[in-house]
Amino acid sequence: MSEELIDQSPPPSLPDPEPNPNSVIHPRREPFEHGLLPIQKLIFSDPIQALGPVKEKLVAAASNNRVGSAALSDALQISGDHARLVLETLASVLHSDSDPLVLAKAEEVDSVGADLRDLILFLYIQSYKKLLPRPHKDSAAVADVWPSTSAFDGYLSALSPIQLVRSNSRRFMPSQTDEEAHHLTYLQKHLANILSLLAEPVEAEGDEPLVLSMEGFEHLGFLVQFGDKGSDGAPLGQATPFFANSDPDMPAVPASASEVHDWLLQNIASSLESITERISGKENGLSNASNQDDAMSDACASANKASPSARGPCFIEGVSKTSFVKHASDLKGTSVKVVNCHDSVLYLLAPLRYATVYGCSDATIVLGSVGKAVRVEHCERVHIIAASKRICIANCRECIFFLGVNQRPLIVGDNHKLQVAPYNTFYSHLEEHMAEVGIEPTINKWNEPLALGAVDPHDSLSHPAGVSDAQAESAACVDPDQFTNFLIPNWFGGQSVGSTKDNPFPLPDAYMATQQRNLKNLEETRQSLRGAPLEENRKRELSSALHLYFKDWLYATGNIRQLYCLQGD
């Protein structure tokens with residue numbers, strides 16, 4: 001099976017892609033942003049040559065065209081834990097929410113398995129290389145940065161200049177437009193291989209060597225979509241001239257793989273041309289040149305708004321020295337990206353599918369309920385409080401994660417001094433939001449982190465020799481004596497009040513004991529103060545002293561800012 005089987009001669013005269021916005025092809029960003037795993041045995045220098053024999057093994061082991069973790073482990077020669085991780089990761093980025101793997105309970109994942117075609121596409125894109133971070137607009141000002149003192153240990157950094165650029169790349173996250181073009185270019189290059197893995201041979205003499213059934217074509221929805229509606233829109237086959245008018249009561253006639261290939265290439269080329277024109281227009285001053293993203297994903301420039309989009313994520317960018325509050329009615333999209341926020345407290349109290357936290361420091365970020373995946377990358381001294389199906393932590397330093405997660409936290413890349421703790425807060429609509437996105441409060445694997453490679457093989461930058469086999473630094477559990485609840489103020493005012501009255505994730509015994517001991521000590525202190533045999537003027541002096549110490553603590557910790565910000569709300 002190879003790309004030579006698909007005719008790559010100049011495409012025949014096919015109908016031009018429709019100008020209708022719903023016929024414009026877009027890459028699905030979720031597989032590329034949340035679906036890449038740094039497992040060496042999944043990354044092939046020649047995917048089509050390596051995946052041919054793998055596919056044959058999987059086909060032989062498949063039951064009803066589905067592959068469980070045992071067969072996957074055997075075919076790829078990976079551990080059972082890694083095979084399950086592949087299935088869980090694939091489930092989090094699938095294009096169809098009705099797939100049995102997405103609907104499977106935790107104990108059913110290994111046996112339900114993945115659709116063979118989705119699994120092959122997932123394995124193929126593990127060879128994808130991420131887009132290099134964009135150079136800073138004032139590159140001269142940031143060029144002279146080596147050697148430097150570490151931000152967390154106080155030692156002189158031993159990183160080479162190129163490694164330091166990589167470690168500081170959080171400041172220069174590629175724009176959505178740049179990434180979309182990069183995804184499309186990757187698909188353009190590999191489309192022939194991808195179709196050959198989905199296509200079926202025809203044995204009749206004189207026919208096309210490969211054909212694609214409508215069902216096989218629909219699985220391309222894992223990688224691409226037409227229009228802005230994503231998985232909520234019409235089936236992928238309805239956007240093509242090959243299957244659009246098929247009789248629903250009759251099996252659709254398979255299409256020539258080479259014709260499908262040529263038609264998709266036309267659409268990809270058209271989309272790339274449109275992106276180039278948008279970028280060119282900005283460079284020529286037709287729009288604000290400092291805004292690198294297109295209208296679908298404009299960043300939130302202030303703490304008073306966030307930018308929703310039907311297809312792209314809602315961006316919250318550049319929040320600094322403030323408190324930022326958004327709830328379900330403010331976040332219209334199904335995903336959010338928090339980028340370059342510093343010295344702030346952010347509350348995103350909404351049901352979401354995906355969340356990304358990138359390049360933040362000295363902040364507390366509360367993520368309401370995230371049903372698919374959270375990714376936290378290039379953050380320093382950040383507290384993340386998240387109720388989520390799964391979380392991936394990459395290249396972070398001195399961060400603490402208070403988690404309610406149904407799957408093992410995944411830790412990859414260059415991390416230092418990470419800590420994990422059980423979920424420690426609630427808001428009135430939390431349980432309602434968790435039920436909406438499918439998070440189980442009875443399952444919390446916060447203390448079972450899974451550390452993978454220290455170097456991300458999907459990173460296009462070069463890596464030092466021999467580092468690729470190193471395991472990422474894992475996370476330590478927060479000492480129960482240091483564990484505290486986080487209080488989310490009730491700032492909804494006239495908004496409807498939900499039913500959640502307490503943390504829905506049960507605390508482990510050691511942490512519960514600490515909480516009960518703290519509450520007991522607090523009550524004893526209150527009783528002691530109330531019952532102290534002091535004259536009235538001495539009680540007033542004691543009260544004033546306590547208020548003064550509390551005020552000093554507010555200023556020393558920066559929490560006074562929250563009071564002022566919330567007063568403004």
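The values are calculated or read from the model by the stated rules, or taken from the named source; none is laboratory data. Note that the structure is a prediction, hence the values are computed from the model and not measured. For neighbour counting, all protein chains shown are included, and Cβ atoms are generated from backbone atoms with ideal geometry for every residue, glycine included. The protein model used for the area step is the full one, side chains on, heavy atoms only, and it has no ligands, DNA or RNA in it. Shrake-Rupley method; radii C 1.70, N 1.55, O 1.52, S 1.80 Å.
Tabulated results
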quantity	calculated
Conditions (1) closer than 30 Å to PRO241 by Cα; (2) at pLDDT 90 or above; (3) in a helix (DSSP H, G or I): number failed by HIS26	(3)
Region 1-21 - residue that is of a type in the set (A, V, I, L, M) and surrounded by 15 or more Cβ atoms within 10 Å (Cβ to Cβ) and, of those, modelled with the highest pLDDT	ILE6
Selection count where residues are farther than 14 Å from ASN406 by Cα and touching a residue at least 40 places away in the same chain (Cβ under 8 Å), scope region 77-122	22
Residue, nearest to the chain's Cα centre (by Cα), within region 22-53, restricted to residues that are among the aliphatic types (A, V, I, L, M), closer than 23 Å to HIS261 by Cα and open to solvent by less than 20 Å² (accessible area, probe 1.4 Å)	ILE25
Search result, residues across region 338-353 that are open to solvent by less than 10 Å² (accessible area, probe 1.4 Å) and part of a strand (DSSP E or B)	VAL338, VAL339, LEU346, TYR347, LEU348, LEU349, ALA350, LEU352
Selection count where residues are at pLDDT below 85, within 22 Å of ARG397 (Cα to Cα), of a type in the set (A, V, I, L, M, F, W, C) and surrounded by 13 or more Cβ atoms within 10 Å (Cβ to Cβ), scope region 439-497	4
Residues that are assigned to a strand (DSSP E or B) and either open to solvent by less than 10 Å² (accessible area, probe 1.4 Å) or among the charged types (D, E, K, R) (or both), drawn from region 405-427	VAL405, LEU410, ILE411, LEU418, VAL420, ALA421, PRO422
Residue in region 259-299 that is modelled with the lowest pLDDT, counting only those that are under 20 Å from ARG29 (Cβ atoms), in contact with an Asp or Glu (Cβ under 7 Å, 6 or more places away or on another chain) and among the aliphatic types (A, V, I, L, M)	ALA299
Test: residue in region 43-52 that is under 27 Å from VAL109 (Cβ atoms), touching a strand residue (DSSP E or B) at 6+ places or on another chain (Cβ under 9 Å) and at pLDDT 85 or above	no
Selection count, region 502-527, where residues are part of a helix (DSSP H, G or I), open to solvent by less than 80 Å² (accessible area, probe 1.4 Å) and polar (S, T, N, Q)	5
Checking CYS399 against (1) open to solvent by 10 Å² or more (accessible area, probe 1.4 Å); (2) modelled with pLDDT of 95 or more, the condition it does not meet	(1)
Exclusive hit being polar (S, T, N, Q), open to solvent by less than 20 Å² (accessible area, probe 1.4 Å) and either modelled with pLDDT under 85 or out of contact with any Gly (no Cβ under 6 Å at 6 or more places or on another chain) (or both), set SER256, SER213, SER231, SER246	SER256
Residues satisfying the stated conditions in region 259-270, i.e. open to solvent by 10 Å² or more (accessible area, probe 1.4 Å) and either on the phi > 0 side of the Ramachandran plot or among the polar types (S, T, N, Q) (or both)	GLN266, SER270
Test: residue in region 379-395 that is modelled with pLDDT under 95, under 19 Å from THR89 (Cβ atoms) and touching a strand residue (DSSP E or B) at 6+ places or on another chain (Cβ under 8 Å)	yes
Residue count, region 400-419 (criterion: closer than 19 Å to GLY368 by Cβ and either among the hydrophobic types (A, V, I, L, M, F, W, C) or in contact with a Leu (Cβ under 7 Å, 6 or more places away or on another chain) (or both))	6
Per-region count, region 54-64, residues of a type outside the set (Asp, Glu) and open to solvent by 60 Å² or more (accessible area, probe 1.4 Å)	5
Wholly within region 54-116, helices (runs of 4 or more DSSP H) carrying at least 2 residues that are in contact with a strand residue (DSSP E or B) (Cβ under 7 Å, 6 or more places away or on another chain) and modelled with pLDDT of 95 or more	80-93
